[in-house]
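Colleague: Please see the structure below; I have some questions.
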Amino acid sequence: MPSFDSFRTARWIRTLNLVLQAVLFITLFGGLNYLARNHSLRYDLTSQRRYSLSPETLAYLRTLATPVRIVVTLTPNSENADIAQAYRDISSLLREYTYATEGNPNRQVTVEYLDVYQNRREADQLGIDQPDSIVLLCGDRRRAVALGEVYRLENGVRKAFRGEQAFTAAILDVSNPGKKKIYFLTGHGELNPEDVDPVRGLSMLRDELRARNFDVDRLELATGTKIPADAALLIAVAPQGRYTPAEEEQLRQYLGAGAGRMILLLEPAMPSGLGNLLLDWGLLVDDDIVYDTGADNMTEDGDLIVRYFLPHPITQTLLDRQIPLRIGPARSLRPDPGRKLGNDLTVTTLAVTSTTAWGEVGYRLRTAPQYDAGYDIRNDRPGLEPPNHLAIAMASERVSARAGLDFSVRGGRLVVFGTGDLIANNRLAGAANLNVILGAVNWTVDRDTQFNIPVRPIDRFSLSLSAGDLARLRRSLLFLLPGAALILGLIVYWTRRR
């Protein structure tokens, strides 16, 4: 029987020990790689969330109907520094799209990088004849994204990266064969989506809606035109005159029996003629103008600052970001206390003023605004929520249970704002105003996602060195670092000799 103290036995035991250590080492790293690949966790620690897609984009990708192929002809070694930087920005962003959809091959976003000069035949088959371009393909549909859509320029300098906005809009465009159509009502002095005027125009909102795969058109009910069957949403912005009873009835039929969707932005001091329609949906609109004595709640030029929002898909982004609305003259809204109680109509307050605000009923007297108890309006009535706040935006929805069904069926949806200029071109520069109207559009047409695609600023760092600074830096690189390494080596050598 061999002795464990013999040299041969000790050598075999040592060899077996080394083999087991190697196996355990390989198993450890293999297991770590398996966990990293199949159960990985990713955290974006950058200040601008550069490596994270927004909730809006992720919601769209989860409902992607068909695979989308993105072909990029940018090259990282371009002699043009702007093209090389664009390649780095775009490639890192598109990597997040592929990561977000890699679990579902039938709904996956894939990215290919193609050199149009080295792969001429493949480029011709795809119909791509220009370098430095991005093309999205989905079936027989295609959409090109220009570099001008990816960056926001100021005086020829790139100030912000808009890549996620551009690519999400393009994915929506090519993956959806049909577009939901939004009609802006006209004929009563409403703001016009084709007008570029800063105060009376809605061209910026029109462009934002088109970028989100909506088709935008105008509709004039006064000419006797019927509401088209393809109307996914009607929007009326700051009507200056009354809708006729026939027009109001047509809108009531569209919203009620047709389960239609509408967003109404009312101008203060202007009767709309839609009082009966609003009562049908459990809403009352006061004939007043909201004022606020709080120093932080009104600007010097009379704009109202709204900071208080209630939880709802329309206002969730504002709640998350804690950003206020800045609006012009507004009138107050409230639930109709005499509305029919039941579970088929849900009325929700979206945005309210501060507790120091009131609704000035005598605004036509053109006197200095001052609260008159018992005459002006304050939300101090019992049972109204939230107490001591005036509502300036509300939503109403009909949800009914049909016979024989175990679930509720959504009916019409109506969103009412007590201000008319909320979405004018000069107002959409504020992130809150754009977010709230896009959230309202999104909710009314059943895209219950959070529109929150921020523009990411481009951080630029410059290093200015004088000739003396450069000389000192050069000496440090040539002598200081090698000298430190030499001294450290001598210390180690001397220590080992001892």
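The values are calculated or read from the model by the stated rules, or taken from the named source; none is laboratory data. Just so you know, these numbers come straight off a predicted model, no measurement behind them. So basically every Cβ, Gly included, is an ideal-geometry build from the backbone, and we count neighbours across all protein chains shown.
Colleague: For the subset of segment 79-113 comprising residues that are in contact with a strand residue (DSSP E or B) (Cβ under 8 Å, 6 or more places away or on another chain) and of a type in the set (G, A, S), which member is surrounded by the most Cβ atoms within 10 Å (Cβ to Cβ)?
Modeller: Going through the qualifying residues, I end up with A86.
Colleague: In the set R120, R88, R107, which member is of a type in the set (D, E, K, R) and under 18 Å from R62 (Cβ atoms)? Write out each step before concluding.
Modeller: Working: R120 fails: under 18 Å from R62 (Cβ atoms); R88 fails: under 18 Å from R62 (Cβ atoms).
Unique residue meeting the criteria: R107.
Colleague: Does segment 136-167 hold any residues that are more than 20 Å from Y113 (Cα to Cα) and part of a helix (DSSP H, G or I), and which are they?
Modeller: The answer is Q165, and nothing else.
Colleague: Continuing with the same structure: Answer yes or no: is there a residue in segment 168-175 that is buried (at least 19 other Cβ atoms within 10 Å of the Cβ) and not in a helix (DSSP H, G or I).
Modeller: Scanning segment 168-175, I find no residue that is buried (at least 19 other Cβ atoms within 10 Å of the Cβ) and not in a helix (DSSP H, G or I), so the answer is no.
Colleague: Hey, could you check segment 212-229 for residues that are at pLDDT 90 or above and acidic (D, E) and say which is nearest to N442 (Cα to Cα)?
Modeller: In this case the residue turns out to be D217.
Colleague: Turning to a different aspect of this structure: Being outside the structural domain of V72 (by TED's automatic domain parsing) and either among the basic types (K, R) or loosely packed, with under 14 Cβ neighbours inside 10 Å (or both) narrows it down to one of A229, A146, so name that one.
Modeller: Details: A146 fails: outside the structural domain of V72 (by TED's automatic domain parsing).
Criteria check complete, one pass: A229.
Colleague: Among the helices (runs of 4 or more DSSP H) lying completely within segment 1-106, list those that include at least 3 residues that are within 30 Å of A160 (Cβ to Cβ), modelled with pLDDT of 85 or more and not aliphatic (A, V, I, L, M).
Modeller: Details: elements: 7-38, 55-62, 81-101.
Passing ranges, in order: 81-101.
Colleague: Moving on to the next point. Against the conditions (1) under 21 Å from G328 (Cβ atoms); (2) at pLDDT below 90; (3) assigned to a loop (DSSP other than H, G, I, E, B), where does N435 fall short? Just the number, please.
Modeller: Unmet for N435, out of (1) under 21 Å from G328 (Cβ atoms); (2) at pLDDT below 90; (3) assigned to a loop (DSSP other than H, G, I, E, B): (3).
Colleague: Name every residue in segment 273-288 that is in contact (Cβ under 8 Å) with a residue 40 or more places away in the chain, crowded, with 18+ Cβ neighbours inside 10 Å, touching a Pro at 6+ places or on another chain (Cβ under 9 Å) and over 15 Å from T346 (Cα atoms), in order of residue number.
Modeller: Answer for segment 273-288, where residues must be in contact (Cβ under 8 Å) with a residue 40 or more places away in the chain, crowded, with 18+ Cβ neighbours inside 10 Å, touching a Pro at 6+ places or on another chain (Cβ under 9 Å) and over 15 Å from T346 (Cα atoms): just D288.
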